[in-house]
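Participant: A single structure is presented below for examination.
The values are calculated or read from the model by the stated rules, or taken from the named source; none is laboratory data. Note that this is a predicted model, so its numbers are computed, not measured. Please note: Cβ atoms are built from the backbone with ideal geometry, for glycine as well, and neighbour counts cover all protein chains shown. Note: areas computed on protein heavy atoms with side chains; ligands, DNA, RNA excluded. Shrake-Rupley method; radii C 1.70, N 1.55, O 1.52, S 1.80 Å.
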Protein chains: 2
Amino acid sequence: MADSPRAWETVLAHIESALIDGSLRPGDHLPPERTLAAELGVGRSSVREALRVLEVLGLIRTQTGSGPHAGAIIVATPSGGMSALMRLQVAANGFAVQDVVATRLLLESAIAADLATRGGDLAGSRQLLDAMQSDTLTEAEFLALDAQFHVSLAEASGNEVVAAMMAGLRNSIESYVLAAAERLADWATTSARLRQEHTHILAAIEARDAASARRLLHDHIAGYYAETQVPRIPPAPLADSRLAGRTPH
Amino acid sequence: MADSPRAWETVLAHIESALIDGSLRPGDHLPPERTLAAELGVGRSSVREALRVLEVLGLIRTQTGSGPHAGAIIVATPSGGMSALMRLQVAANGFAVQDVVATRLLLESAIAADLATRGGDLAGSRQLLDAMQSDTLTEAEFLALDAQFHVSLAEASGNEVVAAMMAGLRNSIESYVLAAAERLADWATTSARLRQEHTHILAAIEARDAASARRLLHDHIAGYYAETQVPRIPPAPLADSRLAGRTPH
DNA sequence: GCTATAGTTGTGGTCTGACCATAGTGGTCT
DNA sequence: AGACCACTATGGTCAGACCACAACTATAGC
């Protein structure tokens, strides 16, 4: 047994193999940590490190206690892992906020055009749009619904990868979006405009007008960030974080 | 101290806070595991679980030994984390291969159009293209260079988020791409065509012809998967894995 | 006999202490 | 001056113990 890879990596590899060859599928239970440790000839702590990674990545869900609901269960909820990854990378300046926004713009415009072209189930989106009409919402509540609305469009497109990415992108800059809202001169006016734009976007999609849907969504997002001047990453006074400081390597 | 969040989560939160307020930046050292454990009042194993997560997510790099190069150092290499996340989600059927391909198509077409419109440093891409002209490459070698070529386009666009996503998307289906290559009737013909298409794509970008660049890149990727009939996920005989099997929840 | 309560068991969550491997550091001997 | 060797700090790993929790089970009380 080559132990040059670290012990927890062999655990990860073992589980990944089981996933790939189909012997482990969503809904299945992983063996108990102690059993797994004994089977693979590693310590329980190494098993736990691997499971922790899988948990953060959205591969498993753990539950204490006994019985059929306890233990580690394979799930496949990529949004959580995507959010964690992007949120931390933004925090560490690995991702620039403006790149996140640009990517969101890119993805979501394409989603809108795709939905308008190929159709999709927009019931959830419409429901969220209705919920946002309430006048009693706080800024945070409104923005939370707004986030859900945008993610719901991605989900309607039927592409799980894009949906997870959208959720991650939106969550990673949640605090920036909120901070931007507080800088607005007149929240009531802006939120009314956002509501109207949402309505128009959905209408364009349902009218199968891909070009309009794409344009409206683009302007919707770009407009918000332009209005609020979402800042460059504040804690990075260094100049080279601006443009792709890629070391060619 | 509320310990309803698990111990390792408090460690993660602590480090994330330090990243956000700027007291921890790329290149900095984390305190030794034992010190961190003592400071936060948790066991070393809990600290290690948090560090393991950060390592997989591409936030830190650890090194054994002593001296200034040892210990956990903040880095920000999102590609690794993105690749791990997507690879595992594909393995667990959380991501359908066709969704990964569709997303790649979407992102990369946009990248090509963007590069043609706004320009970018294509030296790396051209170098990879030259390297691919060799006739002595095996399929695996060629495809590895191909992957690098496509990622290099994303990097040239200057958007770190898109670059990391592209790397993750490509790595997650590496085995499928390779398997597809082996089903080809005539690898020499196909690889020659791929080479030619790469050249045309780069030419279109340098000619600032966004529409052509987008179309050529789209056809390039779509053509390969059409030719090789990249399969649906094999270990999933269930029917509902085809279209967005989204449980409305 | 039925129900309520109190063990029992199996599981993850955590901590402690120990030991090993590794890589710098510094001192010592030639 | 150079080579060698112990020392030290660090991550990597393991073993064992204990706790918290949830389901199951046996017993006591009615």
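Participant: Conditions first: (1) in contact with a helix residue (DSSP H, G or I) (Cβ under 9 Å, 6 or more places away or on another chain); (2) open to solvent by 20 Å² or more (accessible area, probe 1.4 Å). B:M82 passes all but one, so which condition is the exception?
Facilitator: Checking B:M82 against (1) in contact with a helix residue (DSSP H, G or I) (Cβ under 9 Å, 6 or more places away or on another chain); (2) open to solvent by 20 Å² or more (accessible area, probe 1.4 Å), the one that fails is (2).
Participant: Here's another thing I want to ask about it. Name the residue, out of B:R232, B:R193, that is modelled with pLDDT under 90, open to solvent by 70 Å² or more (accessible area, probe 1.4 Å) and touching a helix residue (DSSP H, G or I) at 6+ places or on another chain (Cβ under 9 Å). First the steps, then the outcome.
Facilitator: Working: B:R193 fails: modelled with pLDDT under 90.
Among B:R232, B:R193, only B:R232 is modelled with pLDDT under 90, open to solvent by 70 Å² or more (accessible area, probe 1.4 Å) and touching a helix residue (DSSP H, G or I) at 6+ places or on another chain (Cβ under 9 Å).
Participant: Related question: Could you please let me know if B:A144 is without any contact (Cβ under 8 Å) to a residue 24 or more places away in the chain and more than 12 Å from chain A (Cβ to nearest Cβ)?
Facilitator: Numbers: without any contact (Cβ under 8 Å) to a residue 24 or more places away in the chain: yes; more than 12 Å from chain A (Cβ to nearest Cβ): yes.
Spelling it out, B:A144 is indeed without any contact (Cβ under 8 Å) to a residue 24 or more places away in the chain and more than 12 Å from chain A (Cβ to nearest Cβ).
Participant: Here are B:L85, B:L105: which of them is within 10 Å of another protein chain (Cβ to nearest Cβ), away from DNA strand D (no atom under 16 Å from the Cβ) and at pLDDT below 95? Before you say what the answer is, go through the steps one by one.
Facilitator: Details: B:L85 fails: at pLDDT below 95.
None of the other options fit; the residue is B:L105.
Participant: Here are some conditions: (1) open to solvent by less than 20 Å² (accessible area, probe 1.4 Å); (2) over 17 Å from the mean Cα position of the chain (by Cα). B:V100 meets all but one. Which one does it not meet?
Facilitator: (2)
Participant: Now, a different point. Determine whether A:M132 is modelled with pLDDT of 95 or more and either under 14 Å from A:S83 (Cβ atoms) or assigned by TED's automatic domain parsing to the domain that holds A:D99 (or both). Give the steps one after another, and end with the answer.
Facilitator: Values: modelled with pLDDT of 95 or more: no; either under 14 Å from A:S83 (Cβ atoms) or assigned by TED's automatic domain parsing to the domain that holds A:D99 (or both): yes.
When the stated conditions are applied, A:M132 does not pass them.
Participant: Those residues that are more than 9 Å from DNA strand C (Cβ to nearest atom), free of Cβ contacts under 8 Å to residues at least 40 places away in the same chain and in contact with a helix residue (DSSP H, G or I) (Cβ under 8 Å, 6 or more places away or on another chain), I need them from the range A:22-38; list them, please.
Facilitator: Hit for the range A:22-38 is A:A37, nothing else.
Participant: Away from DNA strand C (no atom under 11 Å from the Cβ) and under 25 Å from A:H218 (Cα atoms): which single residue out of A:A112, A:A18, A:A76, A:A91 fits that description?
Facilitator: Numbers: A:A18 fails: under 25 Å from A:H218 (Cα atoms); A:A76 fails: under 25 Å from A:H218 (Cα atoms); A:A91 fails: under 25 Å from A:H218 (Cα atoms).
On inspection, the qualifying residue turns out to be A:A112.
Participant: What tally of residues in the range B:1-26 results from selecting those that are assigned to a loop (DSSP other than H, G, I, E, B) and within 15 Å of DNA strand D (Cβ to nearest atom)? Spell out the reasoning first.
Facilitator: So in the range B:1-26, the residues assigned to a loop (DSSP other than H, G, I, E, B) come out as B:1-6, B:21-26.
Subsequent filtering for residues that are within 15 Å of DNA strand D (Cβ to nearest atom) retains B:1-6, B:24.
Matching residues across the range B:1-26 total 7.
Participant: In the range B:8-26, what residues are among the aliphatic types (A, V, I, L, M) and open to solvent by less than 40 Å² (accessible area, probe 1.4 Å)?
Facilitator: Filtering the range B:8-26 down to residues among the aliphatic types (A, V, I, L, M) leaves B:11-13, B:15, B:18-20, B:24.
The answer is B:V11, B:L12, B:I15, B:A18, B:L19, B:L24.
Participant: Within the set of pairs 6 or more residues apart or between chains, which connect a residue that is within 18 Å of B:R48 (Cα to Cα) inside the range B:62-73 to a residue that is of a type in the set (S, T, Y) and surrounded by fewer than 16 Cβ atoms within 10 Å (Cβ to Cβ) with Cβ atoms less than 8 Å apart?
Facilitator: Correct list of pairs: B:A70/B:T64.
Participant: Quick one: in the range B:39-70, which of the residues that are of a type in the set (V, I, T) and either more than 11 Å from DNA strand C (Cβ to nearest atom) or open to solvent by 10 Å² or more (accessible area, probe 1.4 Å) (or both) is nearest to the chain's Cα centre (by Cα)? Don't jump to the end; show me each part of the working.
Facilitator: At the first step, the residues of the range B:39-70 found to be of a type in the set (V, I, T) are B:42, B:47, B:53, B:56, B:60, B:62, B:64.
Those left that are additionally either more than 11 Å from DNA strand C (Cβ to nearest atom) or open to solvent by 10 Å² or more (accessible area, probe 1.4 Å) (or both): B:42, B:53, B:56, B:60, B:62, B:64.
Details: B:V42: 34, B:V53: 17, B:V56: 13, B:I60: 17, B:T62: 21, B:T64: 27 Å.
Across the range B:39-70, the extreme among qualifying residues is B:V56.
Participant: Does B:V42 satisfy the criteria of being in a loop (DSSP other than H, G, I, E, B) and of a type in the set (A, V, I, L, M)? Break it down stepwise before answering.
Facilitator: On the way: in a loop (DSSP other than H, G, I, E, B): yes; of a type in the set (A, V, I, L, M): yes.
When the stated conditions are applied, B:V42 passes them.
Participant: For the range A:88-102, what are the residues that are facing chain B (nearest Cβ under 7 Å), under 17 Å from A:V177 (Cα atoms) and not polar (S, T, N, Q)?
Facilitator: A:L88, A:A91, A:F95, A:A96, A:D99, A:V100, A:A102
Participant: Of everything in the range A:27-37, what is surrounded by 14 or more Cβ atoms within 10 Å (Cβ to Cβ) and within 9 Å of DNA strand D (Cβ to nearest atom)? Give them in sequence order.
Facilitator: The one that is surrounded by 14 or more Cβ atoms within 10 Å (Cβ to Cβ) and within 9 Å of DNA strand D (Cβ to nearest atom): A:A37.
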